[in-house]
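Below is one structure, written out as structure tokens, with a few remarks after it.
The values are calculated or read from the model by the stated rules, or taken from the named source; none is laboratory data. What you see is a predicted model, and the numbers here were worked out from it, not measured in a lab. No Cβ is skipped: glycine too gets one built from the backbone with ideal geometry, and neighbour counts run over all protein chains shown.
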Amino acid sequence: MPMGYTLTDICFSYENRAIFSGISLEMENGCFHGVLGPNGSGKTTLLDLITGHLKPQNGNILLDGRPLDDLNVGEL
């Protein structure tokens with residue numbers, strides 16, 4: 001089981017504007033990760049998804065193999 005964040009087939013949109021469609025990635029604990037892109041490309045939305053502030057319309061987000069919905073604020 002990978003330790004860190006695992007995003008699988010993430011889809012998210014605001015109203016009718018798709019921000020992510022089928023995004024998958026892994027971020028290992030103990031590593032530095034950067035999020036780069038132009039304005040409006042979804043950087044803040046990605047951070048809101050992995051911190052649980054937003055929920056994806058499709059896909060799974062795991063932290064250390066556990067769904068974000070199963071974690072309390074202190075575990076995030």
Practice item. Being at pLDDT below 95 and in contact with a Phe, Trp or Tyr (Cβ under 7 Å, 6 or more places away or on another chain) narrows it down to one of 63, 76, so name that one. Key: 63
Revision key, fill the gap. Matching residues in the stretch 27-50 (surrounded by 14 or more Cβ atoms within 10 Å (Cβ to Cβ) and closer than 22 Å to residue 65 by Cα) number 6
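Do we have residue 54 as free of Cβ contacts under 8 Å to residues at least 60 places away in the same chain, under 10 Å from the mean Cα position of the chain (by Cα) and in a loop (DSSP other than H, G, I, E, B) here? Steps first, please.
Values: free of Cβ contacts under 8 Å to residues at least 60 places away in the same chain: yes; under 10 Å from the mean Cα position of the chain (by Cα): yes; in a loop (DSSP other than H, G, I, E, B): yes.
Here the answer is yes, as residue 54 does meet what is asked.
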Check your understanding: Does residue 7 satisfy being of a type outside the set (Ser, Thr, Tyr), under 25 Å from residue 74 (Cβ atoms), part of a loop (DSSP other than H, G, I, E, B) and without any contact (Cβ under 8 Å) to a residue 60 or more places away in the chain?
Key -> no
Check your understanding: Pick from the stretch 1-23 the residues that are in contact with an Asp or Glu (Cβ under 6 Å, 6 or more places away or on another chain) and under 16 Å from residue 46 (Cβ atoms): which of them is surrounded by the fewest Cβ atoms within 10 Å (Cβ to Cβ)?
Key -> 22
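Quick grid of which residues meet (1) polar (S, T, N, Q); (2) part of a loop (DSSP other than H, G, I, E, B); (3) over 16 Å from residue 4 (Cα atoms):
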| residue | (1), (2), (3) |
| --- | --- |
| 22 | no, no, yes |
| 26 | no, no, no |
| 33 | no, yes, no |
| 46 | no, no, no |
